[in-house]
Amino acid sequence: MPAEEIQGGTRPQMRRPTWKLIGPGIVVAATGVGAGDLVATLVAGSKFGYTLLWAAVIGCILKIALAEATGRWHLATGRTIFDGWRSLGAWTTGYFAVYVVVWGFVYGATAMSSSALPLQALFPDTMELKYWGILTGLLGLAFVWSNRYAVVEKIMMVFVGVMFLVVVYVAIRVSPDLGDALTGLAPTFPSGSVLYTLGLIGGVGGTITMAAYGYWINSKGWTDIGWVRMMRLDNRVAYLTTGIFVVAMLIIGAELLHSADLALAEGGKGLLDLDDVLADRFGTVTSKLFLVGFFAASFSSLVGVWHGVSLMFADFAAHVRALRAGGREPAGGVRERERSVPFRGYLLWLTFPPMVLLWLDRPFGLVITYGILGAFFMPFLAVTLIWLLNSSRTPGEWRNGWLSNGLLAAGAVLFAVLCVEQIRDLPW
């Protein structure tokens, strides 16, 4: 459907942004920050102190640009991001179909393992890790299956509040050197820091879930360009919050680990190592609080993916059905798809088949595989957003400007390099 037809010749009333409506951005940002991202930030702080702080700041700016472009596409055109991809050619449908199936299988196990780790540490001598993982997967399934977006948003806001307060509290407890921290805002590349720099810029704050942002703003009731100012406020607040969170983790890594020359294990296991360090230095209360924050970060990612990516899959299935029926546009909106068979089918795919992977001897290796799959998606998202938002598919007034194009292009190059580096770094 041409953009001009969607706009209908009447300009929607521009809504005034208000803090009371903030929500979808918090959901997408919280979903994108998981155990692997926390460990990556901690490791960067432990190896290089505050030197790479500037990379975390740039990473947040790039994520704001990506999420804003995704949201603007949904609001300006009235079409979903998958509908936009489909207009670019059949190859995008094939790419998404393969990616979403493989990614979902790997991510399901990764999310369950990461959510299980803090629970096992909080309640030792109760269950093996894999059984905690199964429990968290079933809890996520039951919660998303029985609730609509409004309830998902509320619980995600609670999780974000918990993990934010806990991590910032711990960062304050370690007594950061603010002078050293400010010097980290000057871009530098210490020896051996390139991969860590790329990881900080591109790895924290979302992969395929960034494409789900448009579906969540539609679920919120933001369906036309009149909501664009509200969307931009929502997006900026969310990623500024994420930025503070990432900086706090970098401070913890720099002060607790870099100064003591301590190393972390791979994946979510590294956060348990930090728990031991916190217990030794500040006592069990602080270490237990950190485990609660660790669980909030991991389980919020699980819930966000279970809901957001299932919505995307349901949209994909609706387009495939419409195409087979000879139609141009699928029937039904976001709210109808929350109760559709494809939505619930993908929920089951995320939950049950990945449980097989929990019996692997090294479940933390799943975090590496998940990171690589995520790196493959981000260049695809950035490039297709540039394509869509500079074409006649988008009304002229809402196409990309030079700043948005520049940030998306920088993100596309960065994510492509990060993807290659992550593959090269694998122990083949």
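Assorted remarks:
- Averaging the sequence gap over all C-alpha pairs within less than 8 Å and six or more residues apart, then dividing by the number of residues, gives the chain a relative contact order of 35 percent.
- Cross-link reach is defined here as a Cα-Cα straight distance under 19 Å, omitting same-chain residues fewer than 8 places apart; for K47 the lysines meeting it are K269.
- Per-peptide average of other Cβ atoms within 10 Å, ordering 189-195, 288-294 highest first: 288-294, 189-195
- Checking every one of the trypsin sites (Lys or Arg not before Pro) in the stretch 104-207 against DSSP loop status and a limit of 16 other Cβ atoms within 10 Å picks out R148.
- Model label points for W387 and W19, set 7 angstrom from Cα along the Cα-to-Cβ axis, are 4.1 nm apart.
- From most to least packed by mean Cβ count within 10 Å, the peptides 301-312, 97-108 give 301-312, 97-108.
- Electrostatic bookkeeping for G293 treats Lys and Arg as +1 and Asp and Glu as -1; over the other residues with beta carbon under 14 Å from its beta carbon, the sum is 0.
- Residue pairs exceeding 23 angstrom between C-alpha atoms, taken from K20/K154; K63/K130; K63/K288; K154/K220: K63/K130; K63/K288.
- Only DSSP H runs of four or more residues enter the estimate; each adds -39500 (n - 2.57), and after division by the residues of the chain the mean residue ellipticity at 222 nm equals -23500 deg cm²/dmol.
- Efficiency of FRET between E397 and S175 - r from beta-carbon atoms, R0 51 angstrom, step 0.05: 0.55
- For the peptides 238-245, 43-50, 347-354, 278-285, residues were scored by their other Cβ atoms within 10 Å and the scores averaged per peptide; the highest-first order is 43-50, 238-245, 347-354, 278-285.
- Annotation: the residues Y95, Y196, sorted from fewest to most other C-beta atoms within 10 Å of their own C-beta, follow the order Y95, Y196.
- Under the simplified labelling scheme, the L240-V158 pair shows an inter-label distance of 2.7 nm, with each label point 7 Å from Cα along Cα→Cβ.
- Helical segments meeting 18 Å axial Cα length and Kyte-Doolittle 0.5 threshold in the chain (DSSP H): 35-48, 53-77, 90-122, 129-146, 149-173, 228-252, 284-324, 365-388, 402-424
Bear in mind that the values in this text are calculations on the coordinates, not laboratory data. Only a predicted model underlies this, so the values are computations on that prediction, with no experimental measurement involved. Here Cβ is always computed from backbone atoms with ideal geometry, including for glycine, and neighbour counts include all displayed protein chains.
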